[in-house]
Structure formats: C-alpha cells, structure tokens
Amino acid sequence: MNEDNKIDLLLGKLKQNEQEIKQALEQSIEKKQLQFQYKITQGKVKFENTIKKLHQQKKTGVFQYLMHTDISIFLTAPVIYSMIFPLAFLDLTISIYQQICFRIYQIPIVKRTEYIVIDRQYLSYLNVIEKLNCVYCGYGNGVAAYALEVIARTEQYWCPIKHAKKHLFQHARSEKFIDYGDVEAYKKQLEVLRKQWSDQ
C-alpha cells in the first residue's frame, strides 16, 4: 500500500469515527435532557419548575461572588472584555465578506447560527456576572469557529493546496486539498474542488 492510499484509508476511518462521535454526542445530549429535566423549544432551554427552583437556591449572589473573586480577575477583566470590539468587528466583516464574495463565486453561505451558540444564560444557578461571562465566551468561541469555516471555504476555492511543512492545526477541508508540488493535480482538480461542497 502506497503512502497516499494509506492516508486515504486513515482519513476514511477518521470520517467514520467522526460520524460515530456525532451520533454518540446526540444520544448523550438526549440523555442529559432527561437527566437534568430540560427541553429545547424554539431555540430556548426550559427546565422543569422544580429544577429551576433548585437552581435558584444554589445560585451564588453577586455580592458574595465579588467578595470571593481574586484581585487579578478584577485587574484583567477590562482586558478580557475589550476583546468584544475586535470580535464584533470580525463577526460583522466576515458576514459582509461572505454575503458578497460567496454569492459571486457560488460558494455555499456559512450559517452563522450553527457556530455561534449562546444558551448558558438560561441556567438559573448562574448569577448575572456568570451569565455575562458565559454569553461572552459562547460568542467569542462561536465567532472564531464561524470565521474559520468562512476562511476555510475561501481557501478551498482559491488555494486548495496542502502545506509542505507540518503545522499544529489544519481545518477539516484541507484533507481534500491537492498535494504540495503536484502541478498536474492542481491543473486538473482546481475547478473540481471549487464546486465540491457535497459535505455541506
């Protein structure tokens, strides 16, 4: 078995494992909904009333929360929260970018709502500061994932070539990219890859 076939075989196994993980996660979420007695209705999480009351009893008040907060957190909070400006700017510009360019190049639009998930504010055991922190983290990580997928699709359209050097992270789309230095494959497959969005 040559090296390319071995990689293709391993990638096939990886995709199969990803599907199994996805199914297992979905089953786990269903079990957790039963265990912790909540339902998701029209995008909102709703707990049973008895569970909601229990959560409210376990909530740490804002004053008590602040009294037990380390001084370093107070000092770094403005730095952490100042990142909302570049995050919001990235969110806005990447959305405008794909709405213009993806429509022109016929690249499927990335659904922002599938990446930015904000739902922890429905937890009654969190006080207002904890809820704000959770909303912020959900938004920040969601924007980063959303932007990554938009950029990955852009790369697939304009430069679907694997890197020569090994690097720590590569997005899933790069698996189907053309080998570095394979000029014949590049000439033959570029237009194919520009239309190959079947995984969406």
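The values are calculated or read from the model by the stated rules, or taken from the named source; none is laboratory data. Note that the coordinates shown come from a computational prediction; the quantities given were computed from them, not determined experimentally. For neighbour counting, all protein chains shown are included, and Cβ atoms are generated from backbone atoms with ideal geometry for every residue, glycine included.
Can you pull out the residues in the range 157-189 that are surrounded by 14 or more Cβ atoms within 10 Å (Cβ to Cβ), over 27 Å from the mean Cα position of the chain (by Cα) and over 21 Å from GLY12 (Cα atoms)?
Hit for the range 157-189 is TYR186, nothing else.
Whether any residue in the range 139-160 is among the acidic types (Asp, Glu), without any contact (Cβ under 8 Å) to a residue 24 or more places away in the chain and not in a loop (DSSP other than H, G, I, E, B) is what I want to check.
So far as the range 139-160 goes, yes, one or more of its residues are among the acidic types (Asp, Glu), without any contact (Cβ under 8 Å) to a residue 24 or more places away in the chain and not in a loop (DSSP other than H, G, I, E, B).
Grab the helices (runs of 4 or more DSSP H) fully contained in the range 48-121, keeping just those with 1 or more residues being over 30 Å from TYR38 (Cα atoms).
Correct list: 62-67, 71-82, 84-105.
With the checklist (1) modelled with pLDDT of 90 or more; (2) loosely packed, with under 13 Cβ neighbours inside 10 Å; (3) in a helix (DSSP H, G or I) in hand, flag the one item ALA24 doesn't pass.
Only one criterion is unmet by ALA24, namely (1).
Would you check if ILE107 is modelled with pLDDT of 95 or more, in contact with a helix residue (DSSP H, G or I) (Cβ under 6 Å, 6 or more places away or on another chain) and over 21 Å from GLY43 (Cα atoms)?
Yes.
Looking at GLY138, is it at pLDDT 95 or above, within 30 Å of THR60 (Cα to Cα), surrounded by fewer than 17 Cβ atoms within 10 Å (Cβ to Cβ) and among the small types (Gly, Ala, Ser)?
yes
Of everything in the range 30-58 that's of a type outside the set (Val, Ile, Thr), more than 14 Å from GLN121 (Cβ to Cβ) and within 23 Å of the chain's Cα centre (by Cα), which residue is surrounded by the fewest Cβ atoms within 10 Å (Cβ to Cβ)?
GLN42
Could you tell me whether the range 151-168 includes any residue that is under 30 Å from THR76 (Cβ atoms) and at pLDDT below 95?
Within the range 151-168 (the criterion being under 30 Å from THR76 (Cβ atoms) and at pLDDT below 95), the answer is yes, since at least one residue qualifies.
Under 9 Å between Cβ atoms, which residue pairs at least 6 apart in sequence (or on different chains) link something in the range 34-56 that is on the phi > 0 side of the Ramachandran plot with a partner that is part of a helix (DSSP H, G or I) and at pLDDT 85 or above?
Listed by first residue and then by second, the contacts come to GLN37/THR50; GLN37/ILE51; GLY43/THR113.
Consider VAL128 carefully, then state whether it is among the aliphatic types (A, V, I, L, M) and within 18 Å of the chain's Cα centre (by Cα).
no
Give me the pairs, please: first residue somewhere in the range 86-112 and of a type in the set (S, T, N, Q), second residue anywhere and modelled with pLDDT of 95 or more and surrounded by 13 or more Cβ atoms within 10 Å (Cβ to Cβ), beta-carbon distance under 7 Å, and either six or more positions apart or on two chains.
Once the first residue is of a type in the set (S, T, N, Q) and sits in the range 86-112, its partners that are modelled with pLDDT of 95 or more and surrounded by 13 or more Cβ atoms within 10 Å (Cβ to Cβ) give SER95/ARG112; GLN98/ILE109; GLN98/VAL110; GLN98/VAL150.
Out of everything in the range 107-124 that is surrounded by 16 or more Cβ atoms within 10 Å (Cβ to Cβ) and either touching a Gly at 6+ places or on another chain (Cβ under 8 Å) or not polar (S, T, N, Q) (or both), what residue ends up being farthest from ILE94 (Cα to Cα)?
The extreme case among them is LEU123.
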